[in-house]
Amino acid sequence: MALVPCIVISTGYILLVLFLCELARKLIAPLNPGLVKTALNEAIAGADLCGVCFELIIVADNYGLLVYGLYLFLATIWWSLHWGDATACPYNHFESCIEGNMSRQETIVRTIAQVIGGVSIFRLIQVLWAIEIAETHVGRAHSSIYNVCSADLTVPVLHAAIIEGVATWVCRIGSRLITIKEPQYAVALDSFISTSMVCAAFSTSGGYLNPVLATGLKFGCRGHTPMEFFVVYWIGSSLGAISSIYTWPHIEEAIKVKEVKAE
């Protein structure tokens, strides 16, 4: 098949996942607010994130990092506008829990729901890939399953954990800075920062910067043990996010001092 039909099919699969997840959100919208609805929204967000990123792996492998980054940037903007208070990312809730803004129970429920959604969506992706409409999908339904897929680590485990942590820290600090500055096109700017960090780490740790995303796509893959996976993608990125809580006040103070001097 020519390049254009393959990329069109990949785009179609991405749009299909986005549509199905948006439909699922509409279906549960009438439910009364509470932990059950919160969990369902997080599960849908986890499925949304991982389902799209499964196909983005195809895009990255066949069309390069630039096209991958563009698609991820646009998808991130969509998610920001449609997920509500769901995040599909546990360390956001770890931060809220540490800051006293979320209970431990809600943090645990959200995290478990995200993981379930992120892992479960592979069944749909596997069916879509098994159809093999595009050449880029040939063999993917099998090569991406547990204990057959390959890890993305190209550096030692400790280095990868540091990379995931630092990149996550940059994303979280960037988000906090955008929140206080409230610039025009804040959503696009936040998406650009996170996409840039993902692309920067792509060739070393895989640039997941999200424990749920990494779990949905790479847990059980050959190339790292479960413990190494946990260290890199759960501990690494979570410590990066949590460290932003404690470094942010110093950065915020430095910004205020600079603004005062500027006046």
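The values are calculated or read from the model by the stated rules, or taken from the named source; none is laboratory data. Remember, predicted model here, so these are calculated numbers, not experimental data. Here Cβ is always computed from backbone atoms with ideal geometry, including for glycine, and neighbour counts include all displayed protein chains. The area values use the complete protein model at the heavy-atom level, side chains included, leaving out ligands, DNA and RNA. Shrake-Rupley method; radii C 1.70, N 1.55, O 1.52, S 1.80 Å.
Asp61 contributes an accessible area of around 90 Å² to the protein surface, as traced by a 1.4 Å probe with all chains present. Span-like helix check, the chain: qualifying full DSSP H segments, with Cα axial length of 27 Å or more and mean Kyte-Doolittle of 1.6 or more, are 3-28. When nucleic acids and ligands are ignored and a 1.4 Å probe is applied, Thr11 ends up with an accessible area of around 40 Å².
Compared with the alpha-carbon gap, the fully stretched path from Ala262 to Glu132 is longer by 40.8 nm at 0.36 nm per residue.
The spread of Cα positions in the range 33-134, taken along each principal axis and listed from longest to shortest, comes to 47, 27, 19 Å.
Approximating the spin labels as points 7 Å out from Cα along Cα→Cβ, the Ser103-to-Ile235 distance works out to 3.1 nm. Label point of Ser243 set 7 angstrom out along Cα-Cβ; within the range 154-171, amide nitrogens under 11 Å from it belong to 161-170. Here the average projected area of the convex hull drawn through the C-alpha atoms of the range 164-229 stands at 4.8 nm². Between Thr11 and Leu158, the C-beta separation translates, for a Förster distance of 41 Å, into a calculated FRET efficiency of about 0.65.
Take the Cα of Phe192, step 7 Å toward its Cβ, do the same at Leu74, and the gap between the two points is 1.8 nm.
If the chain linking Ala200 and Ile112 were pulled fully straight, counting 0.36 nm for each residue of separation and taking away their Cα-Cα distance, it would gain 28.8 nm.
Once the piece of chain linking Arg123 and Tyr185 is laid out straight, how much longer is it, given 0.36 nm per residue of separation minus the C-alpha distance between them? Display every interim value, and only then the final one.
Working: separation 62, 0.36 × 62 = 22.32 nm, distance 3.57 nm.
Length gained between Arg123 and Tyr185: 18.7 nm.
Scattering from the C-alpha atoms of the range 118-161 alone, worked out with Debye: what is log10 I(q)/I(0) at q = 0.23, 0.27, 0.31 1/Å? Log-scaled intensity ratios, in q order: -0.81, -0.93, -1.06.
Treating each Cα of the chain as one equal point scatterer and applying the Debye formula with no solvent, the log10 of I(q)/I(0) at q = 0.13, 0.14, 0.15 Å⁻¹ comes out as -0.86, -1.00, -1.14. Working from Cα pairs under 8 Å separated by at least six residues, relative contact order for the chain is 23 percent. Set against the 2.2 N^0.38 Å expectation for a compact globular protein, the range 196-251 has a Cα radius of gyration ratio of 1.23.
Met227 exposes around 130 Å² of accessible area when a 1.4 Å probe is run over every protein chain in place.
Along the chain, the exposed loop sites are chymotrypsin sites (Phe, Trp or Tyr not before Pro) outside DSSP states H, G, I, E and B with at most 15 other Cβ atoms within 10 Å, and the longest stretch free of them is 1-145.
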